Each structure stands twice: as structure tokens, then as C-alpha cells.
Amino acid sequence: MLKKSTSANLILKPMDEGNLATVMEIEQLSFPYPWSQGMFLSEFRKRPFSLSYVAEEQCSGEIVGYVLFSLVFEELHLLNLAVHPRCRRKGIGDRLIAFVLGIGRERKTEKVLLEVRASNAPALALYHKFGFREVGIRPNYYLNPTENALLFQFNLEKVTIQHV
Ligand SMILES: CC(C)(COP(=O)(O)OP(=O)(O)OC[C@H]1O[C@@H](n2cnc3c(N)ncnc32)[C@H](O)[C@@H]1OP(=O)(O)O)[C@@H](O)C(=O)NCCC(=O)NCCS
């Protein structure tokens, strides 16, 4: 599933405050209604229930993407995911999602949930590729422009059983 050349050159490591300038740059390039720096810092304070990782290019040391998610009992909720526009379509989104699912399995979570803008074709294709299912709609969930969110779910238990 991963494009090997990219994934071999990528390190995933916990996000820290020193990464925030680059993360904010990617965030602002990626979303019409981006998170503020305060929102990222607030997630840092919720550790260990909220986890955040950056994808760093091994040779350049550059941050090229990130993912944030919360872990509460049996549920993992994907909160934010982005890849720098100039690094897209190289397998980094794949790598970040595979990583999150791996943590979900390690922590014995049952399901992964996420919301996505109904018009976000690249993200929808990514989640469909991994086998997420659309399980609901949250009307007018997003602003600027106002838009519905589609709620997607991935059942980790089922996959674990299939792979035994
Ligand atoms: C969604 C996003 C994270 C994908 O990251 P990426 O590194 O470009 O994704 P990858 O190269 O790993 O692609 C993985 C799969 O996603 C899908 N995909 C990604 N970009 C796509 C595009 N522009 N068009 C169609 N499918 C796309 C494909 O299924 C692809 O698999 P394939 O290469 O085998 O066809 C990236 O486009 C992004 O940061 N978007 C802006 C922020 C965002 O929308 N985040 C998600 C919020 S819910």
C-alpha cells in the first residue's frame, strides 16, 4: 500500500512545540478554516489521551506532515491530518494513517472515527482506500464554507480477526 521510496525516507515522531511553526504553515496551506496554534497546544496538554506525531523527511530533517488523534477507552478519534502540498501524492498520508491504525491495534481500541468535509475528495479517497466506512453525516459541521461532515469509521477488531 505504501510507496516504498517515500516511506523509507520518513520518520514519524511525537510532535513538540519546536515543530509548531512548520505545522502551522502546513495547516494554513491545507485547510480553509485552519486550527490555531492554541488548538495544537491544547491537544499537547491532553496527553496521554491526545497524541500528535510529525512525519519528518530523514535526509532533510524537514517536517512534511502530521497527525493528531485522541484515545479514549475503546475509541480512537482522528482529529487532524495534513501533508505539505508540495509533498502530496508520495505515500505520506498512507504512512500516517497506517501508523494511527497500528497504534489503535496496539492499544486494543475497537474503532477509529473521523469527520471529513463532504467535498474533500483526496481525503475521502484515502479513507476509502484503507477500508473506512461512512456511518453518518454531521450537518453544517464545518465553517468557511459551511459544509456537512461525513463521519467515517474503521473497525479494528474486525481487521485483527481477518488477519489471524
Ligand atoms: C488527504 C491528504 C492527507 C493525503 O495525503 P497524501 O500524502 O497526498 O496521500 P498519499 O500520497 O499517501 O495517498 C494515499 C491515497 O489517498 C488518495 N489520494 C490522495 N490524494 C488524492 C488526490 N488528490 N486525488 C485522489 N485520491 C487521492 C489515494 O487513494 C491515494 O492512494 P494511491 O496513491 O494508491 O492512489 C492530503 O491531501 C492533505 O493533506 N490534504 C489537506 C488536508 C486534509 O484534507 N486532511 C484530511 C482532513 S479529514
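Just so you know, all these numbers are worked out from the coordinates, no wet-lab data involved. Just so you know, these numbers come straight off a predicted model, no measurement behind them. Reconstructed Cβ throughout: ideal geometry from the backbone, glycine too, with neighbour counts over all protein chains shown.
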Next item on the list: Please identify, among Leu113, Leu124, Leu76, the residue showing maximal mean-square fluctuation in a Gaussian network model of the chain using a 10 angstrom Cα cutoff.
Entry: Leu124
Notebook entry, point to check: If you count the DSSP beta bridges with both ends in the chain, what percent of them are antiparallel, to the nearest 5?
Noted result: 90
Note to self: Quick check on the exposure proxy: order Arg105, Arg95, Arg138 from fewest to most C-beta atoms within 10 angstrom.
What the structure shows: Arg138, Arg105, Arg95
Next item on the list: Specify the residue with the greatest mean-square fluctuation among Lys90, Lys129, Lys108, computed from a Gaussian network of the chain linking alpha-carbon atoms under 10 Å apart.
Entry: Lys129
Item checked: Spin-label proximity, Ser60 to region 69-104 - amide N less than 12 Å from point 7 Å beyond Cα toward beta carbon -> 84-88
Notebook entry, point to check: Considering the dipole of the chain built from charges on the beta carbon (Lys and Arg +1, Asp and Glu -1) around the Cα centre, which of Phe130, Pro34, Leu143 is farthest to its positive end?
Noted result: Phe130
Checklist line | Net lengthening on full extension, Asn120/Leu29 (0.36 nm per residue, minus Cα-Cα) | finding: 31.3 nm
Next item on the list: Place a +1 charge on the Cβ of each Lys and Arg in region 84-164 and a -1 charge on the Cβ of each Asp and Glu, then give the dipole magnitude about the Cα centre in debye, rounded to the nearest 20.
Entry: 320
Item checked: Range in the chain, longest, excluding exposed chymotrypsin sites (Phe, Trp or Tyr not before Pro) [loop by DSSP; at most 16 other beta-carbon atoms within 10 Å] -> 74-164
Checklist line | Dipole of the chain, positive end: most advanced residue of Met24, Gly61, Cys87 [Cβ charges, Cα centre] | finding: Cys87
Note to self: Which aspartates and glutamates, if any, have their Cα less than 19 Å from the Cα of Lys111, not counting same-chain residues under 8 positions apart?
What the structure shows: Glu74, Glu75, Asp94, Glu134, Glu157
Item checked: Simple spin-label estimate for Leu143 and Ile103 in nanometres, 7 Å along Cα-Cβ -> 2.7
Check: When the chain is treated as a GNM, springs tying every alpha-carbon pair under 10 Å, which of Thr146, Thr109, Thr22 comes out with the largest mean-square fluctuation?
Finding: Thr146
Notebook entry, point to check: If you place +1 on the Cβ of every Lys and Arg and -1 on the Cβ of every Asp and Glu, how big does the dipole about the Cα centre of region 8-101 come out, in debye to the nearest 20?
Noted result: 160
Item checked: Estimated D of region 8-164 in µm² per second, where Rh is the Kirkwood radius over Cα pairs and Stokes-Einstein applies at 4 °C, 1.567 mPa s -> 80
Margin query: Using the Cα centre of the chain as the reference point, and only Cβ charges (+1 on K/R, -1 on D/E), how large is the resulting charge dipole? Debye, rounded to the nearest 20.
Written below: 460
Checklist line | the chain: calculated mean residue ellipticity at 222 nm from DSSP helix runs of at least 4, using -39500 (n - 2.57) | finding: -10500 deg cm²/dmol
